[in-house]
Structures are given as structure tokens and as C-alpha cells.
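A.B. asks: Attaching a single structure in C-alpha cells format; questions to follow.
The values are calculated or read from the model by the stated rules, or taken from the named source; none is laboratory data. From a predicted model like this one, the values you see are computed outputs, not experimental measurements. Here the Cβ positions follow ideal geometry from the backbone for every residue, glycine too, while neighbour counts run over all protein chains shown.
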Amino acid sequence: MGIRTGQQYLDKLNSMRPHVVIDGEVVSENIAEHPAFKNVARTYAKLFDMQHDPKYQDALTYLSPTTGDRVNASFLVPKTVEDLEKRRAAISTWAEYSNGFLGRTGDYMNSSLTALSAAEKWFEKADPKYGERIRAYYEKAREGDLLATHTLIPPQVNRSVSGSEQLGGQLSARIIEEREDGIVIRGARMLATIAPIADELLVFPSTVLRGTPEDAPYSYAFAIPNDAPGLRYLCRTSLHNGGSTFDEPLASRFEEMDAVAIFDNVFVPNERIFLLGHPELCNGFYSETGAGALMTHQVVTRTIAKTEFFLGLASEIADSIGIDGFQHIQEDLAELIVDVEIGKALMRASEVDAKLNEFGMMQPHWETLNAARNWYPKIAQRFPQIIRKFCASGLMALPGEADVNSDALADIELYLQGKSLTGPERVKLFKLAFDASISGFSGRQALYEYFFFGDPVRMAGALVSSYDRGPVRERLRDFLNREDPA
């Protein structure tokens, strides 16, 4: 089939029968019509439609090596630096449409599946059948243009013990039965972003397993349909309050739902199981296959688009109220410019220094991407701070779209105009600033980016332990022992 249209995606979504709990309501059909999911589902539908638009099609797609149909470019197995650039161009196209506010566009998990399929031989360390299955599933996702999400970590109950020890091992999703035709899963996992509007749920290794017998039930990698029997999603309350694109310009378009995935005796057939047991392989699932590097290549591309958005927004605000000439404002604008350029430089360096891995995939330079993913979560916290500083009390004196279209228009025109904008234009701009800096939507975005790859402290420790500091230390020792001429 190849690339889907937005309508095909929505029709498929509405035909599924998931078990989604939100605000005390169980939603099990026509999910794309529910108020909590309708707008973001249509935003995702727009991404699918962009693949068919002549303006974007060359960037977003390539020809399937098996069918010749057009498929999404995030499924392209990179063999050259040019292939990595092709992938980045596709990822950028979607990221710029959402200004980086959609964290689970299809190209994220597609990148994981692409690297895993290329690393088919890695799975032979456990059993050749797993490599064959991941390859077949990758092709299924590619040819069906499936939208997948994943669920990551054990429930946040008692972090002082491992997932296998929480409530005697009864909380985390685990294997409770192995059958000839598959496995049965019970328990829960966090945090399944966009789960209600996805086609598939990928349940891959996440937290480090110790390799003890107690960890065996938690050692797995598999995929299930979003409406698999026994699978339930427990959602948070939507952060879109029902406002228009004028009043909630970001939340009304990009409010990705987060959910806890609950497995109530969910059966997973053999063909959808990609790893079973082998905790030591589970621990290397991302690093040893190149999946982590290709996924991070997608993430850094997206966050560059998001940083550019905040630079654009801050620049528009500064010009609109005549503060762009002040030095303290220029200092903050310079900070955003530097952040944009550092992001681009790290991305480019990761591609230029890419090398073919042992499976023949051109893998972007991991050390550079690892630095980027440790850097961005912290600097991104500054973005809404800068917007709040620029807008100040202007964020707290905002009428809405209904007021603009009422008898209050004359007051808005007179008293809320900007240096370079009419009253309604300035209100519309500041509504965007509000949604990007102090709304519930913006708060979730800040939290999401900060913990995107996990606890920043643990990530920093992992970076230090994995980075080869030997050469620079040797150079320092050589300097200390150098005997310079008198």
C-alpha cells in the first residue's frame, strides 16, 4: 500500500476498538471523534497528507525496495551520509510543520524499527527467529505506513527498588505465561504518549535489568495492536481546554495525550515477539543495534525546529512592542541564536562523522548525539522563561477571540495595539506566547523535554562513564611531564 492519506489514517483509527479511560469515561470506538483526541488526530492526519503533496513528497518519501511504492523516508536504512541527510530533510519537514511540539510523530519509532531491522544479525545472539521477526515487522510498518508509539518504564510507585521488586513484582508489565504460540503479559508501564491515536504499541526494553532470575519476566521486546484484547489506557486530563486556534494555538493542534498502559492478561503471538529472556541483550537493545543513535538523530532534528520556533516567537514579540533595541533583550535573543546554531552544528557533526556500523548501517556519531541529548533538556527550560520576560504583564491582560469579535473590538484596537501590530494582531501573537510559556500545555512540554531521555542526572553519569576521556587525559599527563627548553 505505501503511504497513507490522512483520511485513511482517521478511518483506521475510528475502526479500532481500544479501551481508553479519560476523565472517568471509557472510549472504545470512533476515537478520532472524541473531543480529547479529535484535533491532534487531525494534525497527524495532516502529516500523512503531506506525504502526497507535491510540495513535500520528494522530501518525505522514497521508493520501497520491495514494492516500488512510495513509503515514508524515516524507514530508509541509511547506507551513506547522503541517506542520513535525506532522513533529516524528511524529519525536518514534519518538525517544522509542528514547530517541534509533536514529540511522537511516526518518524521517531520508525527510526527505531529501521535500525533494528538493519541489525537483524544482532538478534541471532538470542535466536535467528527474532531477527527474522523484527525484519518482517519493520516491513509491515513501512508498507502499511503504521503509526507506532511505545511505553517505557515501570509505574512510579517505589523508586528505591527495581521494577521487579515493586509490590513483590506485581506492578510492572511482566510475562506471566509462556505458551507455544506466544506469551501473556500482566502489569503496567508508563508513559505511552499518543497511545489513543496510534496504530501500534511497541513494548521494548527500557530500564536496566540486572540479569538475575527475578528479571526474567521483564526481559522482552514485542509489538501489539493498539486495541489488543486486555490492553487498557489510563489517560491524563487533556491540556486543550476547548479553545480555538486563536485562543489556544498550540494546545488546539498539538496536545499529544499521555497514558499509562495497563496489560490485563494481554496475549502476544510469537510473530510479534522480537526478544524473550536474555536480559543482557535487553540492556544493549538500543546501544548495540544503533537504534538509540538513529532515534536521537530524529529527536535532535525535531528540537532544532522547536528552538527556531522560540527564536522566531521572541523576535516577533520584541519587535511588536518595541523592546528589540534594549541590550538585555538582545542578550536573550543572542542566547536563542546560539542555541539554534549549536543544535545545527551538533546535528551536522553527527552526520559528517558517521560511520558504517557492523550491520552496514550508516550510524550518526553517537558521542555527538549523546552530548546533544544531554544539553538540550536543560537549555530548553530557558525558552519559556525568555518569552515570559519579553511579554511580562502582557500575558496576563489578554482578551480572547470572542472579545475581538464583540463590541470590545474598539478598545482592543486602541489599548492593546503594538508598535507594529494592530490590537487583534498583538492579542493573537500574545496568545501564542501564552500557550508557549505559561499554559498547562507549555508546562507539560517543559517537563516532557526535560525528562525525554530519562533522568538528566543519570544521563550525565552515563555520558561520563561511556565517553572516552583517555586521549585528553594522556595529553594532559604528557604536558605535565614535558621538559621545555630552559
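A.B. asks: Can you name every residue in region 293-342 that is more than 11 Å from residue 383 (Cβ to Cβ), of a type in the set (Gly, Ala, Ser), touching a residue at least 24 places away in the same chain (Cβ under 8 Å) and assigned to a helix (DSSP H, G or I)?
C.D. replies: 293, 305, 318, 320
A.B. asks: Among (1) in contact (Cβ under 8 Å) with a residue 24 or more places away in the chain; (2) within 23 Å of residue 331 (Cα to Cα), which single condition is residue 435 missing?
C.D. replies: (2)
The rows are residues; the columns are (1) within 20 Å of the chain's Cα centre (by Cα); (2) in contact (Cβ under 8 Å) with a residue 60 or more places away in the chain.
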{"site": "31", "(1), (2)": "no, yes"}
{"site": "41", "(1), (2)": "yes, yes"}
{"site": "47", "(1), (2)": "yes, no"}
{"site": "58", "(1), (2)": "no, no"}
{"site": "62", "(1), (2)": "no, no"}
{"site": "65", "(1), (2)": "no, no"}
{"site": "68", "(1), (2)": "no, no"}
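A.B. asks: Right, residue 262: closer than 26 Å to residue 225 by Cα, buried (at least 19 other Cβ atoms within 10 Å of the Cβ) and more than 16 Å from the chain's Cα centre (by Cα) or not?
C.D. replies: Spelling it out, residue 262 is indeed closer than 26 Å to residue 225 by Cα, buried (at least 19 other Cβ atoms within 10 Å of the Cβ) and more than 16 Å from the chain's Cα centre (by Cα).
A.B. asks: Of the conditions (1) more than 30 Å from residue 72 (Cβ to Cβ); (2) at pLDDT 95 or above; (3) aliphatic (A, V, I, L, M), residue 141 clears all except one; give me its number.
C.D. replies: (1)
A.B. asks: I'm trying to understand the selection: among the residues of region 464-478, which are modelled with pLDDT of 95 or more and assigned to a helix (DSSP H, G or I)?
C.D. replies: Of everything in region 464-478, those that are modelled with pLDDT of 95 or more and assigned to a helix (DSSP H, G or I) turn out to be 464, 470, 471, 472, 473, 474, 475, 476, 477, 478.
A.B. asks: Let me ask something additional. Give region 70-86 a look and list any residue that's in contact with a helix residue (DSSP H, G or I) (Cβ under 6 Å, 6 or more places away or on another chain) and in contact (Cβ under 8 Å) with a residue 40 or more places away in the chain, or say none.
C.D. replies: Answer for region 70-86, where residues must be in contact with a helix residue (DSSP H, G or I) (Cβ under 6 Å, 6 or more places away or on another chain) and in contact (Cβ under 8 Å) with a residue 40 or more places away in the chain: 71, 74, 75, 77, 78, 81, 84.
A.B. asks: In region 388-430, which residues are surrounded by 15 or more Cβ atoms within 10 Å (Cβ to Cβ) and among the polar types (S, T, N, Q)?
C.D. replies: Listed by number, the list holds a single entry, 417.
A.B. asks: Can I ask one more? Sort out for me the strands (runs of 3 or more DSSP E) sitting completely within region 162-254 that have 3 or more residues that are more than 30 Å from residue 444 (Cβ to Cβ) and not assigned by TED's automatic domain parsing to the domain that holds residue 13.
C.D. replies: 174-179, 182-189
A.B. asks: If you don't mind, there's one more thing I want to ask. Residue 416 passes all but one of (1) more than 36 Å from the chain's Cα centre (by Cα); (2) without any contact (Cβ under 8 Å) to a residue 12 or more places away in the chain; which number fails?
C.D. replies: Single failed check for residue 416: (2).
A.B. asks: May I ask you to list the residues in region 314-339 that are surrounded by fewer than 18 Cβ atoms within 10 Å (Cβ to Cβ) and either within 15 Å of residue 375 (Cα to Cα) or at pLDDT below 95 (or both)?
C.D. replies: Once the filter is applied, which keeps residues that are surrounded by fewer than 18 Cβ atoms within 10 Å (Cβ to Cβ) and either within 15 Å of residue 375 (Cα to Cα) or at pLDDT below 95 (or both), region 314-339 yields 335, 338.
A.B. asks: Any residue in region 376-399 that's farther than 15 Å from residue 430 by Cα: show its pairings with residues that are part of a loop (DSSP other than H, G, I, E, B) at Cβ separation under 9 Å, as long as the two are six or more apart or on different chains.
C.D. replies: Taking only residues 6 or more apart or on different chains, the pairs are 376/452; 377/451; 377/452; 377/453.
A.B. asks: Looking at the structure I just gave you, is residue 263 outside any loop (DSSP other than H, G, I, E, B) and modelled with pLDDT of 95 or more?
C.D. replies: Yes.
A.B. asks: Turning to a different aspect of this structure: Provide a single number: the residues in region 82-106 that are buried (at least 24 other Cβ atoms within 10 Å of the Cβ), in contact with a Phe, Trp or Tyr (Cβ under 8 Å, 6 or more places away or on another chain) and closer than 15 Å to residue 57 by Cα.
C.D. replies: Summing the residues that are buried (at least 24 other Cβ atoms within 10 Å of the Cβ), in contact with a Phe, Trp or Tyr (Cβ under 8 Å, 6 or more places away or on another chain) and closer than 15 Å to residue 57 by Cα in region 82-106 gives 0.
A.B. asks: For region 350-361, check the following and say yes or no: at least one residue is in contact with a strand residue (DSSP E or B) (Cβ under 6 Å, 6 or more places away or on another chain), buried (at least 16 other Cβ atoms within 10 Å of the Cβ) and of a type in the set (Gly, Ala, Ser).
C.D. replies: Within region 350-361 (the criterion being in contact with a strand residue (DSSP E or B) (Cβ under 6 Å, 6 or more places away or on another chain), buried (at least 16 other Cβ atoms within 10 Å of the Cβ) and of a type in the set (Gly, Ala, Ser)), the answer is yes, since at least one residue qualifies.
A.B. asks: Here's a follow-up. What number of residues within region 70-81 are surrounded by fewer than 22 Cβ atoms within 10 Å (Cβ to Cβ), of a type in the set (Val, Ile, Thr) and not in a helix (DSSP H, G or I)?
C.D. replies: Here the count works out to 2.
A.B. asks: Residue under question is residue 114, and the condition is that it be of a type in the set (S, T, N, Q), surrounded by fewer than 21 Cβ atoms within 10 Å (Cβ to Cβ) and in the same structural domain as residue 128 (by TED's automatic domain parsing); does it hold?
C.D. replies: So residue 114 does not fit the description; no.
A.B. asks: Does residue 41 qualify as being in contact with a strand residue (DSSP E or B) (Cβ under 9 Å, 6 or more places away or on another chain) and within 20 Å of residue 239 (Cα to Cα)?
C.D. replies: Judged against the criteria, residue 41 is not a match.
A.B. asks: Taking the stated definitions as given, is residue 409 of a type outside the set (Lys, Arg), modelled with pLDDT of 95 or more and either farther than 15 Å from residue 296 by Cα or assigned by TED's automatic domain parsing to the domain that holds residue 111 (or both)?
C.D. replies: The answer is yes for residue 409.
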